[in-house]
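One structure is given here, and the rest of the page talks about it.
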Amino acid sequence: MIKDSLNKIKDKAMEEIKNVSNFDLLEKIQKKYLGRKEGELTKILKNLKNLSLEEKKIIGKLANEVKLRIESEAKKKIQELKIKAEALEENFDITLPGEKIEIGHLHPLTQFTRKITDVFVSMGFEIVDGPEAETEEYNFDLLNIPKEHPSRDLWDTFYIKSGNSPESPELDLGSGDSEQNSKNKLLLRTHTSPVQLRAMEKRKPPVRLIMPGRVFRHEATDAGHETTFHQLEGLVIGENIKMTDLIGTLQYFVKTIFGESAKIRVRPNFFPFTEPSIEVDMTCLICCGKGCGFCGGDGWIETLGAGMVHPAVLKNMKIDPNKYSGFAFGMGVDRLMMLYYGVNDIRLSYSGDLRFIKQF
Ligand SMILES: [Zn+2]
């Protein structure tokens, strides 16, 4: 009997506490059940004197449990009411969903560079890096582009004025003429090719290398040109390396990145550091080769330059051209990234405009 009324008191108290909405009412409920004089639980305990010792023990224990249970429930409720009160003070609706934290992500250019380097790494290529401020010797001379040679005009170069500290280099927009010799005359590298030379100082064939990196050219900027852009070069040297190895490698690369329908076409070209040199075109992704405004009605788009490494360059790498041969290729990462994602202005990449970056 007493047991039943204890349980009833517990259930009733719990229910009332659960539904209470302010501190005053909660206090009244606590008093109603646990109050020292008139509390319902107290009243029951007062009647214990009529019970046997055994019963007193059992009921006493149960009554204590009920008391603790009610107290802890009330405590919980106090916390809950406090939070609500604070929220109300701040005029804040706690039922509103939280603000989503915006997480940054890699720049589209970085994402795309990783995508293409992954393809070459899967073919066993090693990634190598080199300095962005180069000497004229590495950027031109050793790549078979002698001074006064007209081919040097292909690269509009930012020279770094002599006597500048590396921390605050001043650019010389002139021809780069000065008394300094090319061994220590500094410039901002116009291509990633000098990295090939530097990498080969520490390696012996056979090698398979790729060199992604930032390059600089002193040109007017427009939708297709920037003074800063990214290249990825590849170099393979070994015995019996042939033009067909080069074409096969590039075909595999293009298909892996742009899909099975992407084909390549090879045309002869001239680069001082390769002989023979080729220009590689890829099927226009916009019109699938039918011809459109993007590809100038041709159905093909210029994708990269490549060729067999010139024997003079091999010699500069201290490699015997009679024993070894190699191929090299270089691509504009920005241009390919633009094709891949459908971006129509190279300047967007370097603008820092979040509206652009957030699309990727
Ligand atoms: Zn087209």
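For the reader, a short list of remarks on this structure follows.
- Test result for LEU304, within 16 Å of the ligand (Cβ to nearest atom), of a type outside the set (Gly, Ala, Ser) and surrounded by 19 or more Cβ atoms within 10 Å (Cβ to Cβ): no
- Out of LYS12, LYS18, sole residue that is closer than 23 Å to LYS77 by Cβ and touching a residue at least 40 places away in the same chain (Cβ under 8 Å): LYS18
- Residue check, GLY297 within 16 Å of the ligand (Cβ to nearest atom), without any contact (Cβ under 8 Å) to a residue 24 or more places away in the chain, in contact with a Gly (Cβ under 8 Å, 6 or more places away or on another chain) and not hydroxyl-bearing (Ser, Thr, Tyr): yes
Yes or no, residue by residue, for (1) closer than 24 Å to LEU339 by Cβ; (2) of a type outside the set (Phe, Trp, Tyr):
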position	(1), (2)
GLU219	yes, yes
HIS225	yes, yes
PHE229	yes, no
GLU233	yes, yes
LYS255	yes, yes
GLY259	yes, yes
ASN269	yes, yes
GLU275	no, yes
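- Residue within region 308-331 that is modelled with pLDDT of 90 or more and either farther than 25 Å from TYR138 by Cβ or within 16 Å of the ligand (Cβ to nearest atom) (or both) present: no
- Residue match in region 265-275 (condition: buried (at least 18 other Cβ atoms within 10 Å of the Cβ), assigned by TED's automatic domain parsing to the domain that holds VAL313, within 16 Å of the ligand (Cβ to nearest atom) and not in a loop (DSSP other than H, G, I, E, B)): no
- Taken residue by residue, region 87-99 has no member that is aromatic (Phe, Trp, Tyr) and either within 26 Å of the chain's Cα centre (by Cα) or surrounded by 12 or more Cβ atoms within 10 Å (Cβ to Cβ) (or both).
- Summed over region 279-290, residues that are more than 6 Å from the ligand (Cβ to nearest atom), in a loop (DSSP other than H, G, I, E, B) and free of Cβ contacts under 8 Å to residues at least 24 places away in the same chain total 1.
- Check on ASN316, more than 15 Å from LEU235 (Cα to Cα) and not aliphatic (A, V, I, L, M): no
- One residue stands out among those in region 233-264 that are under 27 Å from HIS149 (Cα atoms) and within 33 Å of the chain's Cα centre (by Cα): the one that is surrounded by the most Cβ atoms within 10 Å (Cβ to Cβ), which is LEU235.
- Leading residue by the ranking (surrounded by the most Cβ atoms within 10 Å (Cβ to Cβ)) among those in region 17-64 that are outside any helix (DSSP H, G or I) and of a type outside the set (Gly, Ala, Ser): VAL20
- Any hit, region 205-225, residues being among the hydroxyl-bearing types (Ser, Thr, Tyr), touching a Lys or Arg at 6+ places or on another chain (Cβ under 8 Å) and surrounded by fewer than 19 Cβ atoms within 10 Å (Cβ to Cβ): yes
- Annotation: ASP118 fulfils all but one of (1) more than 30 Å from THR228 (Cα to Cα); (2) free of Cβ contacts under 8 Å to residues at least 24 places away in the same chain; the unmet one is (1).
The values are calculated or read from the model by the stated rules, or taken from the named source; none is laboratory data. Only a predicted model underlies this, so the values are computations on that prediction, with no experimental measurement involved. So basically every Cβ, Gly included, is an ideal-geometry build from the backbone, and we count neighbours across all protein chains shown.
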